[in-house]
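Below you'll find the structure, written out as structure tokens, and then a few comments.
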Amino acid sequence: MNLKGLRLFRAVVATGALSEAAERMGLSASAASRLLAQLEEQLGLRLFSRERRNLELTEEGALFYQQIGTTLDGLDEIPAIARDIGARTRSWLSVVTAAPMANGLVVPTIARLHRAGVEFQCTVHVESRFEIESKVAARGYNLGLISLPVENEIIPIDIMPLLRARLCVLMPEGHALAGRAVVTLAELAAAPLVTLGAGQRWRFRLEEVMGEAGLRPQIAFETGSTLVTVEMVRQGLGLTLIDPVVMTPAALAGLAMRPLEGDHWITYASIHAKGPRADLAEVFLDQLSAHVEARRAEEPGMAGLMYLI
């Protein structure tokens, strides 16, 4: 469809005269007449009656204008829309992750950027693991944050490991095991546990570490949310596996977190679509690293529980 012809059509309707409409668009009267004829031929409609000196809308022309008038008005907004999009890509960041990482990594990083006076806007999305990977690959988000390994290895994404966090046991602060420097697998196997349902990542980690030791976990309660699991522990319903990335200082109120015996670590990574990255994504990741280092320096015992890669 000839957009120039549509603009001319709108101008003729607005002015009521082909000559004035042609002048507005920088066309000669003959060129404007040919352009209108071409538009009518393309549409298969007779838009104007030419029986009098001035062009008048036919019934078909009037109905056509009623239907697409708003669309034609929007054509003039396209340059401004393009400018807004260009500005947004430079100052707007979209991050997707799971809820525990949103609270533990994304929000504190955004707060650091805000305090540093960085001018930006950010949307934080919480999605399922598969959706995070697939939508980042499709450039639905600037970056994603996940724990490794990836869910679907055939999805084309760039993976950048960021940090490692030690697997820990979460318990009420008055629990008998809170006095331990390290919780043994045997002690964990003897305690009632709250955990995610079968097939979910934290449940898999629990079954993996226990299975490797030839032990069977005593699962008392299940849920579909890591955040709900934490609250169950707070209410004394059982212990659970966790790591310091998930547990912010505020979330740890009334709770104790102790390392699990053995060399059990979780690796966290940022994921990106193939190709160039948004400048803000790099700024964000720098501040995320600064947040991790600040926790290591400021919170007792944290240096031994997490570190940047």
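The values are calculated or read from the model by the stated rules, or taken from the named source; none is laboratory data. All figures in this text were calculated on a predicted structure; none of them were measured in a lab. Every residue, glycine among them, receives a Cβ derived from its backbone with ideal geometry; neighbour counts consider all protein chains shown. The accessibility values were calculated without ligands, DNA or RNA, using every heavy atom of the protein model including side chains. Shrake-Rupley method; radii C 1.70, N 1.55, O 1.52, S 1.80 Å.
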Do you know which residues across the range 115-132 are surrounded by 13 or more Cβ atoms within 10 Å (Cβ to Cβ), in a helix (DSSP H, G or I) and more than 11 Å from the chain's Cα centre (by Cα)? R129
Would the range 157-171 turn up any residue that is more than 27 Å from L145 (Cβ to Cβ) and assigned to a loop (DSSP other than H, G, I, E, B)? no
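Report, by residue number, each residue of the range 234-269 that is among the polar types (S, T, N, Q) and outside any strand (DSSP E or B).
So in the range 234-269, the residues among the polar types (S, T, N, Q) come out as 235, 240, 248, 267.
Selection gives Q235, T248.
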For the range 262-303, how many residues meet the condition of being of a type outside the set (G, A, S), open to solvent by less than 20 Å² (accessible area, probe 1.4 Å) and within 15 Å of the chain's Cα centre (by Cα)? 5
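Just give me the residues in the range 123-148 being hydrophobic (A, V, I, L, M, F, W, C) and at pLDDT 90 or above, in sequence order.
Hits for the range 123-148 are V124, V126, I132, V136, A137, L143, L145, I146, L148.
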One residue is enough: does the range 213-229 have a residue meeting the conditions closer than 17 Å to A178 by Cβ and either of a type in the set (S, T, N, Q) or touching a Leu at 6+ places or on another chain (Cβ under 8 Å) (or both)? no
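From A80, A102, grab the single residue that is among the hydrophobic types (A, V, I, L, M, F, W, C) and at pLDDT below 95. Steps first, answer last, please.
Numbers: A102 fails: at pLDDT below 95.
Testing whether each residue is among the hydrophobic types (A, V, I, L, M, F, W, C) and at pLDDT below 95 leaves just A80.
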Residues in the range 40-53: is at least one modelled with pLDDT under 90, assigned to a loop (DSSP other than H, G, I, E, B), surrounded by fewer than 17 Cβ atoms within 10 Å (Cβ to Cβ) and in contact with a Lys or Arg (Cβ under 6 Å, 6 or more places away or on another chain)? no
Identify the single condition in (1) assigned to a helix (DSSP H, G or I); (2) open to solvent by 70 Å² or more (accessible area, probe 1.4 Å); (3) over 18 Å from P100 (Cβ atoms) that E231 does not satisfy, given that it satisfies every other one. (3)
The range 136-170, residues that are open to solvent by 50 Å² or more (accessible area, probe 1.4 Å), in contact with a Lys or Arg (Cβ under 7 Å, 6 or more places away or on another chain) and more than 20 Å from V209 (Cα to Cα): P156
Go through (1) more than 26 Å from T97 (Cβ to Cβ); (2) touching a Pro at 6+ places or on another chain (Cβ under 6 Å) for R166 and report which single condition fails. (1)
Could you count how many residues in the range 182-206 are open to solvent by 30 Å² or more (accessible area, probe 1.4 Å) and modelled with pLDDT of 95 or more? 6
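If you scan the range 1-24, which residues turn out to be outside any helix (DSSP H, G or I) and either more than 18 Å from T71 (Cβ to Cβ) or touching a Cys at 6+ places or on another chain (Cβ under 7 Å) (or both)? Full working, then the answer.
Initially, the range 1-24 is screened for residues outside any helix (DSSP H, G or I), giving 1-2, 16-17.
Scanning the range 1-24 gives G16, A17.
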